[in-house]
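S.K.: Okay, handing you the structure first.
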Amino acid sequence: MTLRLHDTATRTVRDFLPLTPGKAGLYLCGATVQAPPHIGHIRSGVSFDILVRWLKVSGLEVTFCRNVTDIDDKILRTASAEGSPWWAVAERNQRAFTRAYDVLGCLPPDVEPRATGHVPEMITLIRRLIDSGHAYAAGGDVHFEVSSYDRYGALSGQRPEHMRAADDIEGGSAKRDPRDFALWKGHKPGEPYWDTPWGPGRPGWHLECSAMATKYLGPTFDIHGGGLDLVFPHHENEVAQSRAAGDGFARYWLHNGLVNLGGEKMSKSLGNSLLVDAMVTEVRPVELRYYLGQAHYRSGIEYSPEALAEAAAAYRRIEGFVVRASEAAGTGTGRAAGTGGTGGSGGTGLPLASSLPAAFVAALDDDLAVPQALAVVHEVVTEGNTALAAGDQAGADKQAESVRAMLGVLGLDPLAAPWATAGDSGLSDVVEALVRVALDQRQAARARKDYPAADAIRDQLHAAGIVVEDTPAGPRWELAR
Ligand SMILES: [Zn+2]
């Protein structure tokens with residue numbers, strides 16, 4: 001294992017040494033389901049999907065836990081504004097997130113716990129914190145006592161005296177220190193509540209993640225991930241309460257950069273959201289995935305339609321080579337129709353590490369350097385195109401296999417699930433056969449110099465969403481984009 005990862009806690013890139021050899025536990029802060037996802041939310045999903053894939057390709061057995069925060073101030077505000085129950089808002093938006101993860105080809109987590117399903121675990125954690133002198137009940141709430149934990153601020157690198165007051169509770173008069181944060185929020189009229197030994201109420205956000213992470217991954221686990229905007233206060237508070245309670249908690253902290261628009265963090269409150277559901281009607285989902293995944297995960301992305309179009313064009317160049325090489329080899333059809341993988345391992349559809357170029361492996365082992373890894377992909381595509389142009393089928397096959405293996409790691413292989421049209425009950429084969437019938441008739445019309453008839457067939461295909469391109473090897477077709 002030569003993988004090195006940037007750990008926010010130490011501010012260094014260091015060797016990734018799993019707690020248990022051969023295994024890796026990953027907790028990712030998932031959605032707070034108050035609204036459908038924009039591309040800023042889903043970038044985190046794509047970044048950590050690449051990490052999960054790379055851990056698996058590296059031979060690790062991964063347990064991936066991504067939570068859903070289904071109770072929260074913002075969910076309650078949305079529900080009250082639209083006159084819906086809070087749980088209906090949460091369900092609706094959770095479905096939108098699941099759809100977005102799926103449409104962008106993110107592997108599903110092994111477990112996707114919801115906060116409201118883990119109140120008993122939260123009560124146990126609060127009990128441990130109160131018993132050990134790190135938390136106190138006051139005014140119906142339970143607060144974590146920041147001054148009781150001397151490592152507070154270490155993760156985000158802040159001095160406690162410089163920190164702002166926790167803004168998680170109105171008034172806050174019952175707090176002993178303005179920095180103390182709520183583990184449990186006392187019941188207010190009109191809000192949902194759960195009973196606890198300290199009175200009815202609902203969980204604080206930070207507590208939820210500590211309770212869920214340790215339930216599924218154990219008191220000490222390998223990696224905790226999330227967006228850069230979660231380092232403080234969310235992750236600082238998570239690590240404080242878990243370590244104060246005696247758990248080892250996360251051994252590595254990974255944070256993805258944010259998507260900005262006009263220099264500002266994208267958020268619903270700025271009214272500048274780019275919703276995933278809308279974006280995938282403008283570009284193909286695989287192109288949106290390429291765009292969000294191509295930058296280094298720790299870099300910020302400044303969104304622009306031009307940058308998105310450039311990314312889409314770069315992906316189409318790679319895809320074009322893979323599809324042409326596959327057609328030339330006779331293993332593909334006019335439309336991508338493979339079943340995926342290049343001898344992949346364990347039914348995961350992922351390639352074997354041994355099938356990858358050394359430079360690609362070295363790039364991903366270096367803190368997931370996707371830009372350098374993609375540079376290797378583009379080099380091999382160039383070599384493959386040269387081989388195709390020279391009629392060197394064996395060379396083109398070899399390059400295509402290499403490109404597909406690399407794309408598989410990044411979740412971008414156009415001939416594999418979910419991008420390939422295979423697996424649709426054989427319909428793609430039927431469409432292929434029907435288009436071939438039409439193209440044969442068109443060729444026959446051209447052979448007898450009946451060009452109006454040939455053009456009419458092409459126009460009819462176009463009206464059905466099929467674009468025909470005449471090449472030296474004969475006509476080929478693809479779905480219009
Ligand atoms: Zn969290």
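The values are calculated or read from the model by the stated rules, or taken from the named source; none is laboratory data. Remember, predicted model here, so these are calculated numbers, not experimental data. With ideal geometry, Cβ positions are generated from the backbone for all residues, glycine too; neighbour counts draw on all protein chains shown.
S.K.: Scan segment 215-232 for residues that are out of contact with any strand residue (DSSP E or B) (no Cβ under 7 Å at 6 or more places or on another chain) and within 13 Å of the ligand (Cβ to nearest atom) and jot them down.
M.R.: If the condition is that a residue be out of contact with any strand residue (DSSP E or B) (no Cβ under 7 Å at 6 or more places or on another chain) and within 13 Å of the ligand (Cβ to nearest atom), then PHE232 is the only one that fits.
S.K.: Run LYS175 past the list (1) within 16 Å of the ligand (Cβ to nearest atom); (2) not in a helix (DSSP H, G or I) and report the number of the one that doesn't hold.
M.R.: (1)
S.K.: THR10 - would you say it is closer than 18 Å to PHE249 by Cα, at pLDDT 95 or above, away from the ligand (no atom under 16 Å from the Cβ) and not in a loop (DSSP other than H, G, I, E, B)?
M.R.: no
S.K.: Pairs, please: C-beta under 8 Å, at least 6 apart or cross-chain, first residue touching a residue at least 24 places away in the same chain (Cβ under 8 Å) and part of a strand (DSSP E or B) and in segment 59-78, second among the hydrophobic types (A, V, I, L, M, F, W, C) and away from the ligand (no atom under 16 Å from the Cβ)?
M.R.: GLU61/ALA24; VAL62/ALA24; VAL62/VAL52; VAL62/LEU55; THR63/ALA24; PHE64/VAL52; PHE64/LEU107
S.K.: Which of the residues spanning segment 13-45 are in a strand (DSSP E or B) and more than 12 Å from GLY227 (Cα to Cα)?
M.R.: VAL13, ARG14, ASP15, LYS23, ALA24, GLY25, LEU26, TYR27, THR32, HIS38
S.K.: Right, another one. Name every residue in segment 358-397 that is out of contact with any Lys or Arg (no Cβ under 7 Å at 6 or more places or on another chain), within 21 Å of VAL52 (Cβ to Cβ) and not in a helix (DSSP H, G or I), in order of residue number.
M.R.: Once the filter is applied, which keeps residues that are out of contact with any Lys or Arg (no Cβ under 7 Å at 6 or more places or on another chain), within 21 Å of VAL52 (Cβ to Cβ) and not in a helix (DSSP H, G or I), segment 358-397 yields LEU368, ALA369.
S.K.: Condition (residue is touching a residue at least 40 places away in the same chain (Cβ under 8 Å), assigned to a strand (DSSP E or B), small (Gly, Ala, Ser) and buried (at least 22 other Cβ atoms within 10 Å of the Cβ)) applied to segment 120-142: is it met by at least one residue?
M.R.: yes
S.K.: Would you mention how many residues in segment 69-89 are more than 16 Å from the ligand (Cβ to nearest atom) and under 24 Å from the mean Cα position of the chain (by Cα)?
M.R.: 1
S.K.: Looking only at residues that are in contact with a helix residue (DSSP H, G or I) (Cβ under 8 Å, 6 or more places away or on another chain) and within 16 Å of the ligand (Cβ to nearest atom) in segment 191-210, which one is farthest from PHE232 (Cα to Cα)?
M.R.: PRO203
S.K.: Could you go through segment 237-250 and let me know if any residue there is assigned to a strand (DSSP E or B), modelled with pLDDT of 95 or more and within 13 Å of the ligand (Cβ to nearest atom).
M.R.: yes
S.K.: If I ask for residues that are in contact with a helix residue (DSSP H, G or I) (Cβ under 6 Å, 6 or more places away or on another chain) and within 20 Å of LEU352 (Cα to Cα), which ones from segment 9-49 would you list?
M.R.: Hit for segment 9-49 is ALA24, nothing else.
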